[in-house]
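Read the structure below first, then the notes.
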Amino acid sequence: MLETIWDTANRRQVERDSPERAACRATRCLPGEIAPHVLLPGDPGRARLIAEQYFDNGQLVMANREFHSYTGTYKGLPVSVISTGLGSPGAAMVMQDLPRLGVRAAIRVGTCGTPDPDLRPGDVIVATGAVRDEGASKKHMPDIFPAVPDFDLTAALLGAARTLTDRAAYGLVLTSDGFRYPGLAEESALYAGAGVRGVDMECSAIMVLGQVCKVPSACILSVDGHTGNVAAGKLAPDGEARDRGIRTAITAALDAFVAIGQSHHG
Ligand SMILES: O=P(O)(O)O[C@H]1O[C@H](CO)[C@@H](O)[C@H]1O
Ligand SMILES: O=c1cc[nH]c(=O)[nH]1
């Protein structure tokens, strides 16, 4: 069982609902509680898994709604993980908290469907850009603005993924406000013809807010199945393959942080 960080790290105890914590309205974290390098899974359970299985001395910092934050180290580098919940509004709110928390790089480690017959469950996709079929980012930037990740962070992420697996792909992602909806099959076929390889619900918001909030951001996704199956009502993901891909994505993201970490000190 993880302890809260202020139990063991001599931090001030500040109530979750205090005005001081509300300055970061989603995460309710304080400056100093979050490391400069942050992983962003959607699922709070995945945040916990990362803290328990990948961090040294990973400790729970704060749990507010679906936004659960942990801090620890990886290969000696201070790192944090914050879950963004399901969908772009929550992801956008987390991104808005990050500048105040001193975050210098953020990587989404998520899951996706794929419309690409060449990809298999358990493959990982490093996103090179995203179709903005979600509403949250449009509250921050008009929809003619592109959703692109940070180039250097993305290059480091792809490099790290390729050292771990020969099933690391890169390409565009379709980020949507829907999971299963009437136009899914047609839309994903249309976009797949122009290079979309993954379908998720947060990447484009994280990329656009990364630009707006000046937090270099990138995304890596584990494929959990084909969008054709979801569109046809076959909703069960390939859980075993998905989890294998998630483990690859987490390690690649952390290794990318270590690779770029040197430039973020001093
Ligand atoms: O596994 P996560 O990171 O939550 O990502 C994907 O999974 C959820 C849908 O099941 C959406 O949040 C989608 O983007
Ligand atoms: O948004 C998502 C996430 C996982 N799998 C899908 O098919 N869609």
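The values are calculated or read from the model by the stated rules, or taken from the named source; none is laboratory data. Please read all numbers here as calculations on a predicted model, not as lab measurements. Note that each Cβ is placed from the backbone with ideal geometry, even for glycine, and that neighbours are counted across all protein chains shown. Quick note on the areas: whole protein, heavy atoms, side chains included, nothing else; ligands and nucleic acids left out. Shrake-Rupley method; radii C 1.70, N 1.55, O 1.52, S 1.80 Å.
Structure above, values below:
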| read-out | value |
| --- | --- |
| Residue in the range 200-212 that is within 14 Å of ligand 1 (Cβ to nearest atom) and in a strand (DSSP E or B) present | yes |
| Matching option when the condition is in contact with a strand residue (DSSP E or B) (Cβ under 7 Å, 6 or more places away or on another chain) and either open to solvent by 60 Å² or more (accessible area, probe 1.4 Å) or among the aliphatic types (A, V, I, L, M) (or both), among ALA231, ALA252 | ALA252 |
| Candidate set: the range 70-83, residues that are assigned to a loop (DSSP other than H, G, I, E, B) and touching a residue at least 24 places away in the same chain (Cβ under 8 Å); chosen: the one least open to solvent (accessible area, probe 1.4 Å) | SER83 |
| Inter-residue pairs, beta-carbon under 7 Å, first away from ligand 2 (no atom under 12 Å from the Cβ) and in the range 100-116, second hydroxyl-bearing (Ser, Thr, Tyr), 6+ apart | ALA106/SER217 |
| Residue selected from the range 36-51 under the condition open to solvent by less than 10 Å² (accessible area, probe 1.4 Å) and in contact with a His (Cβ under 8 Å, 6 or more places away or on another chain), by the criterion farthest from ligand 2 (Cβ to nearest atom) | HIS37 |
| Test for ARG180: is it within 16 Å of ligand 2 (Cβ to nearest atom) and not hydrophobic (A, V, I, L, M, F, W, C) | yes |
| The range 87-125, subset among the charged types (D, E, K, R) and out of contact with any Asp or Glu (no Cβ under 7 Å at 6 or more places or on another chain), residue farthest from LEU184 (Cα to Cα) | ARG100 |
| Test: residue in the range 142-159 that is modelled with pLDDT of 95 or more, open to solvent by less than 10 Å² (accessible area, probe 1.4 Å) and more than 15 Å from the chain's Cα centre (by Cα) | no |
| Tally, over the range 241-251, of residues that are more than 12 Å from TYR74 (Cβ to Cβ) and either touching a residue at least 60 places away in the same chain (Cβ under 8 Å) or not in a helix (DSSP H, G or I) (or both) | 7 |
| Subset of the range 84-124 [within 16 Å of ligand 1 (Cβ to nearest atom) and either assigned to a strand (DSSP E or B) or of a type in the set (S, T, N, Q) (or both)] | THR84, SER88, ALA106, ILE107, ARG108, VAL109, GLY110, THR111, CYS112, GLY113, THR114, VAL124 |
| GLY193 out of contact with any strand residue (DSSP E or B) (no Cβ under 8 Å at 6 or more places or on another chain), over 15 Å from LEU221 (Cβ atoms) and within 16 Å of ligand 2 (Cβ to nearest atom) | no |
